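The values are calculated or read from the model by the stated rules, or taken from the named source; none is laboratory data. All figures in this text were calculated on a predicted structure; none of them were measured in a lab. Glycine gets a Cβ as well: all are built from the backbone with ideal geometry, and neighbour counts include every protein chain shown. Heads up: the accessible areas ignore ligands, DNA and RNA and are worked out on the full protein's heavy atoms, side chains in. Shrake-Rupley method; radii C 1.70, N 1.55, O 1.52, S 1.80 Å.
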Amino acid sequence: MGESVEAFYDDLAESYHLMFENWDQSIARQAALIGPLLERYTGKNSAYVLDCACGIGTQTIGLAQRGHILVGSDLSKSAVARAKTEARIRDLDVTFHVADMRKLSTIPETGFDAVLVADNALPHVLSQQDLEEATVEIAAKLKDSGILMATLRDYDQLLSTRPTVQEPAFYEQDGKIRFVHQVWQWHGEQYAIHIYLTLETENGWSVKHFSSLYRALRRSDLNQALRSAGFTNIRWLEPDTTLFYQPIVVAIKGGLNTSADERLR
């Protein structure tokens, strides 16, 4: 992952909410979709969850509001600082840490029912070796039969089309327009993402640019890393069934037992 990813999210933290039409509504909508899956696969209405790529708190906040017990961590100090502020504003009791997902041992809490890695965070881990290191660290934070839940883009499909532009989304707030679009620059099975926020201001138009590198992570490569880390019963849940905007992968730590197996049926 490295300093460039950290710098990307440090730079983006202040403006991240502007990529949504209404961030609070997005928080609630994502919790309404992820929450029931989390409850089904953990078997708990109030699960102990580590969101190890929490960013500014999009999933952490929504799941905490739903009644789950959240610990959030992220590589970016600025993102974590923003997440702390946003949780405090909403009177939520959430613990946050700054931690690379390849070094989750720096987080004192353990024995989680679930570890969440949302918003396409895993593909920031560019090598298979680092991915396997991250999945081992995630497994170590889970109790036996705890679950990993991750959301990421469908790279098996994207590698066949290699899109270069994500069409702009136009939003209006307080009489001012903003639009958001992305440009993708492919390099083999990696790509540089360029995010542009174009904002209408009192003094004209302002453009903010943010860039980072992703791996086009194939499902087979993630499955391999999960199995190497001791995960079993790996399931891929598609957007047409979950209504979530990205595919979701769920896996159980350790050997299957009857109750864990039933949860993933």
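Checked against the criterion of being without any contact (Cβ under 8 Å) to a residue 24 or more places away in the chain, farther than 25 Å from Val98 by Cβ and open to solvent by 60 Å² or more (accessible area, probe 1.4 Å), the stretch 52-67 contains not a single residue that satisfies it. Of the listed requirements (1) under 17 Å from the mean Cα position of the chain (by Cα); (2) crowded, with 22+ Cβ neighbours inside 10 Å, Arg102 misses just one: (2). The strands (runs of 3 or more DSSP E) falling completely within the stretch 139-236 that include 1 or more residues that are over 30 Å from Thr110 (Cβ atoms), at pLDDT 95 or above and of a type in the set (Lys, Arg) map to 176-187, 204-215.
Go through the residues of the stretch 215-225 one by one and say whether even a single one is of a type in the set (Gly, Ala, Ser), open to solvent by 60 Å² or more (accessible area, probe 1.4 Å) and at negative phi. Yes, because at least one residue in the stretch 215-225 is of a type in the set (Gly, Ala, Ser), open to solvent by 60 Å² or more (accessible area, probe 1.4 Å) and at negative phi.
Phe96 falls short of the stated requirement of being surrounded by fewer than 20 Cβ atoms within 10 Å (Cβ to Cβ) and of a type in the set (Phe, Trp, Tyr). When Gly204, Gly230 are checked against the criterion of being free of Cβ contacts under 8 Å to residues at least 24 places away in the same chain and either touching a Cys at 6+ places or on another chain (Cβ under 6 Å) or open to solvent by 20 Å² or more (accessible area, probe 1.4 Å) (or both), Gly204 stands alone in meeting it.
Examine the stretch 158-165 for a residue that is on the phi > 0 side of the Ramachandran plot and either free of Cβ contacts under 8 Å to residues at least 12 places away in the same chain or open to solvent by 40 Å² or more (accessible area, probe 1.4 Å) (or both), and state whether such a residue exists.
Within the stretch 158-165 (the criterion being on the phi > 0 side of the Ramachandran plot and either free of Cβ contacts under 8 Å to residues at least 12 places away in the same chain or open to solvent by 40 Å² or more (accessible area, probe 1.4 Å) (or both)), the answer is yes, since at least one residue qualifies.
Can Ala114 be described as closer than 23 Å to Val5 by Cα and either touching a helix residue (DSSP H, G or I) at 6+ places or on another chain (Cβ under 8 Å) or touching a residue at least 24 places away in the same chain (Cβ under 8 Å) (or both)? Considered against the rule, which asks whether it is closer than 23 Å to Val5 by Cα and either touching a helix residue (DSSP H, G or I) at 6+ places or on another chain (Cβ under 8 Å) or touching a residue at least 24 places away in the same chain (Cβ under 8 Å) (or both), Ala114 comes out as no. Taking the residues in the stretch 170-196 that are in contact (Cβ under 8 Å) with a residue 24 or more places away in the chain and farther than 19 Å from Ser212 by Cβ as candidates, determine which candidate is surrounded by the fewest Cβ atoms within 10 Å (Cβ to Cβ). In this case the residue turns out to be Lys176. Selection of the stretch 10-51 for residues being more than 22 Å from Ala114 (Cβ to Cβ), touching a helix residue (DSSP H, G or I) at 6+ places or on another chain (Cβ under 8 Å) and open to solvent by less than 50 Å² (accessible area, probe 1.4 Å) yields Asp10, Leu12, Ala13, Tyr16, Phe20, Trp23.
Specify which of the listed residues (Lys84, Lys141) is at negative phi and either in contact (Cβ under 8 Å) with a residue 40 or more places away in the chain or in contact with an Asp or Glu (Cβ under 9 Å, 6 or more places away or on another chain) (or both). Working first, answer last.
Working: Lys84 fails: either in contact (Cβ under 8 Å) with a residue 40 or more places away in the chain or in contact with an Asp or Glu (Cβ under 9 Å, 6 or more places away or on another chain) (or both).
Testing whether each residue is at negative phi and either in contact (Cβ under 8 Å) with a residue 40 or more places away in the chain or in contact with an Asp or Glu (Cβ under 9 Å, 6 or more places away or on another chain) (or both) leaves just Lys141.
Among residues of the stretch 93-104 that are over 13 Å from Glu137 (Cβ atoms), those with a beta-carbon under 6 Å from a residue that is open to solvent by 40 Å² or more (accessible area, probe 1.4 Å) and of a type in the set (Lys, Arg) at least six positions away or on a different chain give the pairs Phe96/Lys84; Val98/Lys77. Restricting the first member to the stretch 35-47 and to residues that are under 17 Å from Thr151 (Cα atoms), and the second to residues that are of a type in the set (Lys, Arg) and open to solvent by less than 60 Å² (accessible area, probe 1.4 Å), the beta-carbon pairs closer than 8 Å and six or more apart or on different chains are Arg40/Arg263; Tyr41/Arg263; Thr42/Arg263.
Residues considered: Arg102, Arg88. Of these, the only one that is touching a helix residue (DSSP H, G or I) at 6+ places or on another chain (Cβ under 9 Å) and modelled with pLDDT of 95 or more is Arg102.
Report whether or not Phe112 is among the aromatic types (Phe, Trp, Tyr) and open to solvent by less than 10 Å² (accessible area, probe 1.4 Å).
yes
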